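Chemist: Got a structure here, written out as structure tokens. Questions coming.
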């Protein structure tokens, strides 16, 4: 009987040791993941949750009855960066029409200005002030979201 109690006690102690090791390993893995993300942030790596693709697309945005034709600098499934000759305030709602090449399709969506900053590299080539403006998508019409996502997915396949 004493041997049985000792064996059960040893098994309980081993289970406690293994569970402690497992918990510590999970914490170490999470800590390493946070350090990798932080290192990428400070090294100037990509901070966005989705990959952006550098591509110039024809875009028409409208706001307050005014329609403007511009070009994109990059695009992702979450938003688009436009080069504008006016500074739009953060939160400004816009209607967008994005011309997808090779598909002869126009994707219609609504978005809002997420950020804006003066474009210093384009300033040399232009006599007017230009602004990089990030637009976050939030409402697509019909199947336009699927068309845009398929277009981006195909671009990513070609890139890799």
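Chemist: Report the convex hull volume per residue for the stretch 53-159, counting only C-alpha atoms, in Å³.
Modeler: 107 Å³
Chemist: Once label points are set 7 Å from the Cα along Cα→Cβ at both residue 99 and residue 56, what is their separation, rounded to one decimal in nm?
Modeler: According to this spin-label approximation, the distance is 1.3 nm.
Where a number appears in this text, it was derived from the coordinates with a stated rule and is not lab data. If you're wondering where the values come from, they're calculated on a predicted model, not measured in any experiment. Cβ coordinates were reconstructed from backbone atoms using ideal geometry, including for glycine residues, and neighbour counts include every protein chain displayed.
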